[in-house]
Number of protein chains: 2
Amino acid sequence: MKESGSPTLEQVAALAGVSRATVSRVVNRSPKVLPDTVAAVERAIGQLGYVPNRAARALVTRRTDSVALVVPEPDSRVFSDPFFAGMLRGVSRTLAPTSSQLVLLIEPAEGDDQRLLRYLRGGHVDGAIIISHHWRDNVLQELAQLPLPIVFSARPLGVDVPVASVDVDNVAGARTAVEYLLSLGRRKIGTIAGPLDMTAGLDRLTGYKEVVSEAGLTEAVAYGDFTADGGEAAAQQLFDQHPDLDGLFVASDLMATAALRVLSQRGRRVPQDVAVVGFDDSVMATTTTPKLTTIRQPLEKLGARLAEIVLAKIGGAELTSPEIYDTELIIRDSA
Amino acid sequence: MKESGSPTLEQVAALAGVSRATVSRVVNRSPKVLPDTVAAVERAIGQLGYVPNRAARALVTRRTDSVALVVPEPDSRVFSDPFFAGMLRGVSRTLAPTSSQLVLLIEPAEGDDQRLLRYLRGGHVDGAIIISHHWRDNVLQELAQLPLPIVFSARPLGVDVPVASVDVDNVAGARTAVEYLLSLGRRKIGTIAGPLDMTAGLDRLTGYKEVVSEAGLTEAVAYGDFTADGGEAAAQQLFDQHPDLDGLFVASDLMATAALRVLSQRGRRVPQDVAVVGFDDSVMATTTTPKLTTIRQPLEKLGARLAEIVLAKIGGAELTSPEIYDTELIIRDSA
DNA sequence: TTGTACGCGTTATCAG
DNA sequence: CTGATAACGCGTACAA
């Protein structure tokens, strides 16, 4: 008469007057069970409030019904990043209808890579989504080579094996931004780039350079680190060196807000004197004065694809190439 | 000679020349094992790269070594909320050194409560942290009564059983904000409150009302919904009805940025004409012009406590009362 | 201190 | 279509 804990398959079987095996079949929707039997079992299940024991199931099936969302960077910015939030939403929406759970794996401190790798190797999850922005010695490479379905949230820098990844076309996005400034008649266009150890930093700078060069203009580049302070320093430096800029493409909205402040301090009007375009279309883009014209990324869709891809790979699909999505120019008041 | 998959206790035992039980003891740090034996076993473990099988372990110990982070609201705003990000960081930092994993549980669509409850009841996690802001019919109450260690991220509205919770003193925080405006010589102070189905909305309004009433001033309240648009509408309405306000306390930074824009449109200077204080100290507080004076919440600490509390409860501690933390006034340029 | 043996709840393989 | 029964990998009384 042990009825502590949740009811087991055994108890359901007893109540329904069938064997454990049959109950298992019903639970797993095996097609070859008589409708009457199914009904009886389901009644018993409902009556007892039976829920399959995940551990027991995992033990035998060798599947855990869970996928990891890995953030292999102690960098706390990742979380405050609207990028992460948007992705997360897409991922969780897609995973929800599935039986799969989302396990959050974060590198708590610099250099604790091994912890993550060991966990992933330990068969605790069926697959993993890696959200990594920075180049990280060889951690990314090790992750990419794990014997586990894996997908990256961006083309991982420094990984030389083919991997599945989902990303936005950063080069094209930057091109759109700069071309738009061009279409506005701006001819002295500068950029505040992100760090070059991140695809987002690298590719957006490339896009800028391409367009500027194609238009026969001269480059004006300063580097920020995707933070407000870094953006501010970069903006100061850029306008010290190039006081006559009339167009500015900033590689992230956060840095763009800093640039806006710097311009205001220097008495330069936006967009009249300097037209500014950001990147991300995060909340901040609408909380500044003037509101930011920016490049939007379909974050939720990216997240959804990320989830779909791991799921597919877990299901046996072979996917080892990047998927690239388009960005969209959102015109507001700053350009 | 089956060596597919990860190595098992059995294999480690064979290699180390001991029994499975002994290896198990070493793995679980049992004190009564000879140092020599320990060394031999550890060598074998290292050699094979053995990692305990979580499922097998969970099956027998009836512990899953994982705690759920539950967001029982389909409200997508939760993720973009810096509040969530900060908390998450604290939680994950605290959980990291533990063997516990963080499982993210999100209500994908309105009314899918049962899914969450079933999962939590299914013994899939050892405990749960509930991040809920809104009053939700009786879901919160059901969550609170689950036979599982649980802690809420804020005093859950409409729950009439004692529960463990961690929160900031919203009333005191709002009081600080309004008293600061008072100290600046402002006497016509209005507020943009949050929705009253959220503790944050309710308590911050209470704090405002207390101070205004104690100072013998008259109230001027408009309600927003913690979004930029809602904040804008509320600000418009507030200044339509009370054009002479010289002080404004806004229940969230996001809404405050909207208020700033409205004031700028109306040609009222901040802080000269109207001093504005926000709440949260989110990134946006520093991306506006002028930068926002606001009330900071120790988010990471709150998250850490949340994690510590579930862990303690899982360990058998009886904790069913709220913990309240102080806020801090961050003075910038808007007041 | 170490080894033996059993049970945890499921799925899967065979018979029937 | 259904029922025994053997794994799955591990922890732990109990025995040695």
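The values are calculated or read from the model by the stated rules, or taken from the named source; none is laboratory data. A quick note: this is a predicted structure, and the numbers were derived from the prediction, not measured. In this analysis, Cβ positions are derived from the backbone assuming ideal geometry, glycine residues included, and neighbour counts consider all displayed protein chains. Note: accessible area is taken over every heavy atom of the protein model, side chains too, but ligands, DNA and RNA are not part of it. Shrake-Rupley method; radii C 1.70, N 1.55, O 1.52, S 1.80 Å.
When each of B:Thr218, B:Thr227, B:Thr199, B:Thr191 is tested for being away from chain A (no Cβ under 14 Å) and surrounded by fewer than 22 Cβ atoms within 10 Å (Cβ to Cβ), the lone residue that passes is B:Thr218.
For first residues located in segment A:56-69 and in contact (Cβ under 8 Å) with a residue 12 or more places away in the chain, partners that are among the aromatic types (Phe, Trp, Tyr) and more than 9 Å from DNA strand D (Cβ to nearest atom) and lie 6+ apart or on another chain with Cβ distances below 9 Å form the pairs A:Ala68/A:Tyr119.
Hey, does segment A:157-179 have a residue that's within 27 Å of A:Ser213 (Cα to Cα) and hydroxyl-bearing (Ser, Thr, Tyr)? For segment A:157-179, residues within 27 Å of A:Ser213 (Cα to Cα) and hydroxyl-bearing (Ser, Thr, Tyr): present. If you go through segment A:17-36 one residue at a time, do you hit one that is near DNA strand C (Cβ under 10 Å from one of its atoms), closer than 22 Å to A:His124 by Cα and of a type in the set (Val, Ile, Thr)? Within segment A:17-36, none of the residues are near DNA strand C (Cβ under 10 Å from one of its atoms), closer than 22 Å to A:His124 by Cα and of a type in the set (Val, Ile, Thr). With a requirement of 2 or more residues that are in contact with a strand residue (DSSP E or B) (Cβ under 6 Å, 6 or more places away or on another chain), more than 22 Å from B:Pro82 (Cβ to Cβ) and not assigned by TED's automatic domain parsing to the domain that holds B:Arg118, the helices (runs of 4 or more DSSP H) lying completely within segment B:136-229 that satisfy it span B:170-183. Residues considered: A:Ala44, A:Ala14, A:Ala40. Of these, the only one that is aliphatic (A, V, I, L, M), more than 9 Å from chain B (Cβ to nearest Cβ), open to solvent by 60 Å² or more (accessible area, probe 1.4 Å) and over 36 Å from the mean Cα position of the chain (by Cα) is A:Ala14. Against the condition of a type in the set (Lys, Arg) and in contact with a strand residue (DSSP E or B) (Cβ under 6 Å, 6 or more places away or on another chain), how does A:Arg269 come out, does it pass? So A:Arg269 fails the test. Restricted to segment B:50-95, and to residues there that are touching a strand residue (DSSP E or B) at 6+ places or on another chain (Cβ under 7 Å) and facing chain A (nearest Cβ under 8 Å), the residue that is surrounded by the fewest Cβ atoms within 10 Å (Cβ to Cβ) is B:Ser66. When A:Thr257 is tested against (1) in contact (Cβ under 8 Å) with a residue 60 or more places away in the chain; (2) under 30 Å from B:Val262 (Cβ atoms); (3) open to solvent by less than 10 Å² (accessible area, probe 1.4 Å); (4) assigned to a helix (DSSP H, G or I), exactly one condition is not met: (1). For B:Ile309, the conditions (1) open to solvent by less than 20 Å² (accessible area, probe 1.4 Å); (2) touching a Phe, Trp or Tyr at 6+ places or on another chain (Cβ under 8 Å) all hold with the exception of (2). On the stretch given as segment B:318-330, residues that are aliphatic (A, V, I, L, M) and loosely packed, with under 12 Cβ neighbours inside 10 Å total 0.
Cβ-Cβ contacts under 7 Å between residues 6 or more apart (or on different chains), taken from a first residue in segment B:31-42 that is within 14 Å of B:Ala21 (Cα to Cα) to a second residue that is within 13 Å of DNA strand D (Cβ to nearest atom) and open to solvent by 100 Å² or more (accessible area, probe 1.4 Å), are listed as B:Val33/B:Arg25. Can you find, within segment A:42-62, the residue that is farthest from DNA strand D (Cβ to nearest atom) among those that are under 15 Å from A:Val27 (Cβ atoms) and outside any helix (DSSP H, G or I)? The selected residue is A:Gly49. I'd like to check something: does segment B:53-66 contain any residue that is under 30 Å from B:Met255 (Cβ atoms), at pLDDT 90 or above and of a type outside the set (Phe, Trp, Tyr)? Within segment B:53-66, not a single residue is under 30 Å from B:Met255 (Cβ atoms), at pLDDT 90 or above and of a type outside the set (Phe, Trp, Tyr).
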